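Visitor: Have a look at this one before I ask anything.
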Amino acid sequence: TLIELLVVIFIIGILSAIALPTFLRLINQAKESEATQYISYLNKHQTAEYLEGSEFTNSFGTLSFPQPETPSSAAGLLKSLGFSVAETNNYLYGIKIAAYNNKPLAIQVALSKQLGVQSYLGIVYFKDNKDPCGPVSLPVSLSSPVFQQFGILNNLISNPGSYCPDLF
């Protein structure tokens, strides 16, 4: 009957409303797994690059990164801070070679392009034979205000120990 059909539709609507937030959270977690995998990949390849040649690289091509380097308009901030940049649908990736306590340091970042999806970083720094740091979540995305993005990335470059204290 019509009443039974309306009751079934009402129950399905309630179940959908309950399940939708969980489903959306799982979609964001799947997007975040891309960044954690790529940051781990970059950390491992930077480690190998340093052990083989005594220096890090800021070239995605040298690290056999599967995404091409792209000149996206969103990449301007990372490029202004000296990062090499590559891009996927969900993230903007950057590599920067710096120095900390007179030792070379490789910083890899994955900046999320969407709200609700975490950004991540990885750091390779050789001191006391410690493993690379990362992926560590960053409290910023490309949808954050530019001054906040700049502040966090600038702090990461000047004080990497605040994000990876065990490494330093």
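Each reported figure results from applying straightforward, stated rules to the coordinates on display, with no laboratory input. Since the model is a prediction, treat every value here as computed from it, not as a measurement. FYI the Cβ positions are ideal-geometry reconstructions off the backbone, even for glycines, and counts take in every protein chain you see.
Visitor: Can you work out ³J(HN,Hα) from phi for every residue in the range 49-66, in order, using Karplus 6.51 cos²θ - 1.76 cosθ + 1.60 and θ = phi - 60°, giving whole Hz and x for Gly and Pro?
Guide: 3J(HN,Hα) across the range 49-66, in whole Hz: 4, 5, 5, 7, x, 6, 7, 8, 10, 10, 9, 5, x, 4, 8, 6, 5, x.
Visitor: Give, in nm to one decimal, the length gained when the segment between I14 and E34 is fully stretched (0.36 nm per residue of separation minus the Cα-Cα distance).
Guide: Length gained, I14 through E34: 4.0 nm.
Visitor: Another question about this same structure. What does the range 1-89 give for Rg and for Dmax, in Å, if only its C-alpha atoms count?
Guide: In order Rg, Dmax, the Cα atoms of the range 1-89 give 22.8, 77 Å.
Visitor: Please report, in Å, the Rg and the Dmax of the range 2-167, where both are computed over Cα atoms only.
Guide: Expressed in Å, the Cα Rg and Dmax of the range 2-167 come to 19.9, 77.
Visitor: Along each of the three principal axes of the Cα atoms of the range 116-168, give the extent in whole Å, ordering the values from largest to smallest.
Guide: So the extents along the principal axes, rounded to whole Å, are 38, 22, 12.
Visitor: Considering only DSSP beta bridges with both partners in the range 2-167, what is the antiparallel share in %, to the nearest 5?
Guide: Taking every DSSP beta bridge with both residues in the range 2-167, the antiparallel ones total about 95 percent.
Visitor: Suppose each label sits 7 Å from its Cα in the direction of the beta carbon; what would the T47-Q148 distance come out to in nanometres?
Guide: Label-label distance for T47 and Q148, simple model: 3.3 nm.
Visitor: While we're here: Just list whichever of K79/K113; K44/K113; K31/K130 have alpha carbons separated by over 19 Å in the model shown.
Guide: Exceeds cut-off: K44/K113; K31/K130.
Visitor: Kindly write out, for the range 100-105 in residue order, the coupling ³J(HN,Hα) from the Karplus curve 6.51 cos²θ - 1.76 cosθ + 1.60 (θ = phi - 60°), rounded to whole Hz, with x marking Gly and Pro.
Guide: 9, 6, 6, 10, x, 9
Visitor: Go through the range 9-25 residue by residue and turn each phi into a ³J(HN,Hα) via Karplus (6.51, -1.76, 1.60, θ = phi - 60°); whole Hz please, and just put x for glycine and proline.
Guide: Couplings: 4, 4, 5, 4, x, 5, 4, 5, 5, 6, 7, 4, x, 5, 4, 5, 5 Hz.
Visitor: Relative to the first principal axis of the alpha-carbon coordinates of the chain, what is the inclination of helix 146-158, with its axis defined by its Cα atoms, in degrees from 0 to 90 and to the nearest 10?
Guide: 40 degrees
Visitor: Could I ask something else about it? Using modelled backbone amide H atoms (1.01 Å from N, in-plane), which distant-in-sequence or interchain residues come within less than 5 Å of E87's amide H?
Guide: T70, Y93
Visitor: Separate question: I want to make sure I understand the PRE zone here: with the label point 7 angstrom from the Cα of N101 toward its beta carbon, which residues in the range 132-148 have backbone N atoms less than 19 Å away?
Guide: Output list for this probe position: 132-134.
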